[in-house]
1. Tell me, please, whether a residue that is touching a Pro at 6+ places or on another chain (Cβ under 9 Å), within 30 Å of Asn60 (Cβ to Cβ) and of a type in the set (A, V, I, L, M, F, W, C) can be found in the stretch 81-104.
2. Can you give me the number of residues within the stretch 223-257 that are surrounded by 13 or more Cβ atoms within 10 Å (Cβ to Cβ), under 20 Å from Gly277 (Cβ atoms) and among the small types (Gly, Ala, Ser)?
3. Considering only the stretch 141-254, give the strands (runs of 3 or more DSSP E) lying wholly within it that have at least 2 residues that are within 26 Å of Ala40 (Cβ to Cβ).
4. Return the residues of the stretch 132-182 that are of a type in the set (Phe, Trp, Tyr) and at pLDDT 90 or above; say none if nothing qualifies.
5. Right, Ala105: without any contact (Cβ under 8 Å) to a residue 60 or more places away in the chain and buried (at least 19 other Cβ atoms within 10 Å of the Cβ) or not?
6. Only one of these is of a type outside the set (Lys, Arg), at pLDDT below 85 and not in a strand (DSSP E or B): Leu97, Leu73. Name it.
7. Suppose we filter Arg65, Arg41, Arg99 for residues that are in contact (Cβ under 8 Å) with a residue 40 or more places away in the chain and within 30 Å of Leu131 (Cβ to Cβ); which single one remains?
8. Regarding the stretch 40-49, can at least one residue be identified that is more than 30 Å from Val186 (Cβ to Cβ) and surrounded by 18 or more Cβ atoms within 10 Å (Cβ to Cβ)?
Amino acid sequence: MNALVYATLMSSVAVGQTDAPRTIKLDAVLTLLDEVRVPARDAGILAKLDVRPGVTVKANAVLGRLDETKAKLVREQAQLEVNHAERLAGHDLKVRLARKTYDVAAAELKRANAAAKRFEKSVSQSELDRLRLETERAGLEIDQSQFDFETAQLAVDAKKVALRLAAYDLARRLVVTRSPGTVVEVLKQPGEWVEPGETVVRLVRMDRLRAEGFLPAAVASAKLIDKPVQLVVKLSADKELKLAGKLTFVSPEIHPVNGMVRVWAEIPNRESAVRPGLQASMSILP
């Protein structure tokens, strides 16, 4: 920071201690607020990439995709397994058959007991025991068939989870940006192998920029945060642009050599009117 700006700042503070608060002025430079490195989320060959430097993309845009051959086959297999499981679990034929079998066995046992009471020794004890066993077995078959039916329902749920996992793995083959921005660098080309987490495309957000500067420690108070700021950017020798924003950061650290504190403001940059790297004059308003 030059001596003139420092003197202006100290003059503003001195006046602010006796009179109404004054505007604080400082030099600033425009920098990027957000830089996004869009990674590959899975390992594989980059099959397609649909962007180039200079293109502006929206949030959740698909920029490219890895080879999807295996992932699609896995998803198709999972879908077939869901269909098969739903078919098995879609009816209760075994449960109904078991109940019918039980009804028949129970009726036969009832008739045998009635005959044994009316005509002594018309039905042997061993035959009665056999009929009781058949009835009990039919009752247990109802329980078993009901258990199998409920298990088949659970199998459907498990297959559906496997299908969702297959769909998730397929989605991971897409190169997707979660933030809007302008493509400034393409680091991978179709046909190249990529690893999970490896950057494929680098984006920058131009709709909001950061104006950074330095204040003397005596002036740089956390109370300045959220104060309105005005920025005057010199675009050329005879052209200036005024932008409005607010101060969003005052560093808690003081530089040990010059006693200055870093501050920055966030500035809307509609239609990318200015670019990072430009010098500006920033005024922190009361």
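1. Looking for residues that are touching a Pro at 6+ places or on another chain (Cβ under 9 Å), within 30 Å of Asn60 (Cβ to Cβ) and of a type in the set (A, V, I, L, M, F, W, C), one finds none in the stretch 81-104, hence no.
2. 1
3. Where strands (runs of 3 or more DSSP E) fall fully within the stretch 141-254 and carry at least 2 residues being within 26 Å of Ala40 (Cβ to Cβ), they are 174-177, 181-186, 199-204.
4. Start the filter on the stretch 132-182 by keeping residues that are of a type in the set (Phe, Trp, Tyr), which leaves 147, 149, 168.
Within the stretch 132-182, Tyr168 is the sole residue that qualifies.
5. It is true that Ala105 is without any contact (Cβ under 8 Å) to a residue 60 or more places away in the chain and buried (at least 19 other Cβ atoms within 10 Å of the Cβ).
6. Numbers: Leu73 fails: at pLDDT below 85.
Answer to the selection: Leu97.
7. The unique qualifying residue is Arg99.
8. So far as the stretch 40-49 goes, no, none of its residues is more than 30 Å from Val186 (Cβ to Cβ) and surrounded by 18 or more Cβ atoms within 10 Å (Cβ to Cβ).
The values are calculated or read from the model by the stated rules, or taken from the named source; none is laboratory data. Worth saying up front: this structure is predicted, and the values here are computed from it rather than measured. Cβ coordinates were reconstructed from backbone atoms using ideal geometry, including for glycine residues, and neighbour counts include every protein chain displayed.
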